[in-house]
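Worksheet for the structure shown next.
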Amino acid sequence: MRALLRRLGQLVAVLALVSFGVFLLVAALPGDPAAAILGPGRPPEDYAALRAEMGLDQPLFQRYFEWLGQALTGDLGSSTVPPYLDVSDRITAALPVSIELACLGLLIALLIAIPLALVSAYREGGLVDRVVSGGTFAILSIPSFLLGLLLIMLVVETLGWLPRSQWVRLSDSVAGNLEHAILPAIVIALPEAALFTRILRNDLVRTLREDFVLAARAKGMPPSRVMLNEALRPSSFSLVTVVGIALGTLIGSTVIVEYLFSLPGMGTLVVTAASQGDFPIVQGATLVIATLYVLINTGIDVVYGYLDPRTRRVHA
Amino acid sequence: MSTEVASTTQAPPVLEVVDLETRFHTARGVVRAVDGVSLSLRAGETLGLVGESGSGKSVLGRTLMGLIATGGTTEVSGTVRIAGQAVHELSGRQRRKLWGPKIAMVFQDPMTSLNPVRPIGVHLTDPLRLHLGLSRRAAKERAVELLDRVGIPDPRRRLEQYPHELSGGMRQRVMIAVALSCDPEILIADEPTTALDVTVQKQILDLLGSLARERQMATVLISHDLGAVEGRTDRVVVMYAGRAVETAPTTELFAAPHHPYAEALIGSVPALDAPPHTVLRAIDGTPPDMANPPVGCRYAPRCNRAQDLCRDQMPLLLDTSPGRSVACHFPVSVALPDVPEVPDGANEKETV
Ligand SMILES: Nc1ncnc2c1ncn2[C@@H]1O[C@H](COP(=O)(O)OP(=O)(O)O)[C@@H](O)[C@H]1O
Ligand SMILES: [Mg+2]
């Protein structure tokens, strides 16, 4: 219980730091929000008046705490660009798209990577191992937008297997949503799968040299059980770290894929807002992404405790 | 005639090894880790396998279980028969059926031989369920009994614990319980106490001894320490650079070793009354490079009795008296039989 409280305290501290960082970063961006809203060629008093109205003439810390206080109630302000929508609403619309893409992509990546790594490591240096190693290397060296373009051309244009339609929300139609999400998810998944395969395969190879694997074999365990029950879990620590980082990063960085497939996700939201000087959106979206990142990594630490009993707290 | 008499008085061997060789093809050349070893073991018998580190004891132990088999860069020849079955002619699946109920192994390092992410319990229940088909509950009850038998206090609680929560001695007791779980006929204990505190070593060896006696289990006790083998084994095989150089009943070996290497090893065992931390008298020199061993006797470069013949010709393992044999051109305190007789049609493999 005490450890949980300490953990929570840490989390709050990190989030405070992150939010301040986000605030500073956006405040330090070049350009004047008032100018962006009013456009050029107005008398200087107008700009000053608007800045005062927006509170931009207040000291930095005061502005931060006001912003944070509102953010905590879910109010991230409103967009400075017509139609002046609520930042929170824009984010609530975009975030599920990004989260779904990231999760679906990582799920596909793991479904590819885990079996490939297992068969590669089982016969280290064998034919499968060498083919997989070459394949993952090739995929990692192709830029993901190329991969995306190729897939669109092949699956949508040439084969016509999937429609080229507007994004369908998961809550509206699961099938319709998946039809649209599967290709971008695959584009996200492939390079991650290649990376995951290499990491897990190397850790598996190392684990298979451990005494406890020999001891398990000496009990008469069949190879499949040795791989799945004995070797996989102690080999998965690096993989879990990397998956956690990928999940946190992907939510805000699937810009290219979102652009290619014209998806209304967080990447599109932030990039558009930034190019329009729409600071509240950039600020709010960055805060949400960073917070998710921190929360995901806390979650990963919890997963560690499950995977490796040695990192669990010893009960006093 | 004589063999018939022997077979009526003694049970057939549970383990028979004939001319076993294990070769590793490495970048540096062929490593003959086990180079023509023969031995046999009856139920209830305990065999000591001694030799310096690197002499091929572990590889021999693993090869005779079938854990090391031909494949990849490894080559195994010769015969190993466990309960009458030629291990290296079996399919992988058939071989795995032997591991647990017929032959089991206790490993050197209990700190690394248990899976750190699995609780103690599953280490025991896995083989019980796999080989004996026990239910989850029955396997758990049996695991508690096993832990209790190897002297682990509060066994029910231990089942839920993880390896890192146990001391080295306790972990080795767990490893022994795992090895005994399916009641094997043969137990291979590969330096079971090398990684443990001196005070714990004796307890573990005594435990192994009493378990082997009560179950009539044939035991191979591997050690680099002759002291661990004295008084605990019926016979000893002394290994040097992959070969058996002397085999003898344990008491006879300690009374009068024939091979100069065995003599040197015995000389390096600290006397029982020596004060603790007495510096061991190590044998001068180092074992040969196994990828490139000397032509003649492999011990010749370190041997104070070596002559030209030793550097030219590899000595064969020859009987000096019933149950004793030595591979040396100039053995200590014994004469070699004149010319080794080759009875027609007989296979000239020495069986220990
Ligand atoms: N997989 C392997 N590949 C190549 N050489 C090996 C392998 N395993 C063992 N060896 C070599 O075989 C020899 C005997 O090793 P080992 O049986 O472990 O010795 P011991 O148990 O007597 O200390 C050593 O020289 C070791 O380097
Ligand atoms: Mg060894």
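Quick notes
- The range A:1-15, residues that are free of Cβ contacts under 8 Å to residues at least 60 places away in the same chain and open to solvent by 50 Å² or more (accessible area, probe 1.4 Å): A:Met1, A:Arg2, A:Leu4, A:Leu5, A:Arg6, A:Leu8, A:Gln10, A:Val12, A:Ala13
- Filtered residue count, the range B:56-111, keeping only those that are away from ligand 2 (no atom under 16 Å from the Cβ) and outside any strand (DSSP E or B): 22
- Qualifying position, being more than 8 Å from ligand 1 (Cβ to nearest atom) and open to solvent by 20 Å² or more (accessible area, probe 1.4 Å), among B:Gly72, B:Gly54, B:Gly48, B:Gly66: B:Gly72
- Subset tally (residues that are surrounded by fewer than 22 Cβ atoms within 10 Å (Cβ to Cβ) and either near ligand 1 (Cβ under 10 Å from one of its atoms) or polar (S, T, N, Q) (or both)) for the range B:32-45: 3
- Pairing each residue of the range B:17-46 that is within 14 Å of chain A (Cβ to nearest Cβ) and within 13 Å of B:Val76 (Cβ to Cβ) with any residue that is within 16 Å of ligand 1 (Cβ to nearest atom) and among the aliphatic types (A, V, I, L, M), provided the two are 6+ apart or on different chains, yields C-beta distances under 9 Å for B:His25/B:Val31.
- Counting the residues of the range B:210-246 that are under 14 Å from B:Glu45 (Cβ atoms) and either assigned to a loop (DSSP other than H, G, I, E, B) or more than 14 Å from the chain's Cα centre (by Cα) (or both) gives 8.
- Of the candidates A:Thr254, A:Thr207, A:Thr249, the single residue that is open to solvent by 50 Å² or more (accessible area, probe 1.4 Å), β-branched (Val, Ile, Thr) and either in contact (Cβ under 8 Å) with a residue 24 or more places away in the chain or more than 14 Å from chain B (Cβ to nearest Cβ) (or both) is A:Thr249.
- For the condition surrounded by 20 or more Cβ atoms within 10 Å (Cβ to Cβ) and either touching a residue at least 40 places away in the same chain (Cβ under 8 Å) or away from chain A (no Cβ under 14 Å) (or both), B:Val87 does not qualify.
- Hits in the range A:228-246 - residues which are open to solvent by 20 Å² or more (accessible area, probe 1.4 Å) and either of a type in the set (Phe, Trp, Tyr) or outside any helix (DSSP H, G or I) (or both): A:Leu232, A:Phe237
- The condition (being under 26 Å from the mean Cα position of the chain (by Cα), hydrophobic (A, V, I, L, M, F, W, C) and outside any helix (DSSP H, G or I)) is satisfied by just one residue among B:Leu124, B:Leu128, B:Leu187, B:Leu147: B:Leu187.
- Residue list for the range B:183-211, restricted to those being open to solvent by less than 10 Å² (accessible area, probe 1.4 Å) and either away from ligand 1 (no atom under 16 Å from the Cβ) or in contact with a Pro (Cβ under 7 Å, 6 or more places away or on another chain) (or both): B:Pro184, B:Ile186, B:Leu187, B:Ile204, B:Leu211
The values are calculated or read from the model by the stated rules, or taken from the named source; none is laboratory data. Just so it is clear, the structure is predicted and the values come from calculations on it, not from any experiment. We place every Cβ from the backbone using ideal geometry, glycine too, and count neighbours over all the protein chains shown. Side chains are part of the model used for accessible areas, which takes the heavy atoms of the whole protein and leaves out ligands, DNA and RNA. Shrake-Rupley method; radii C 1.70, N 1.55, O 1.52, S 1.80 Å.
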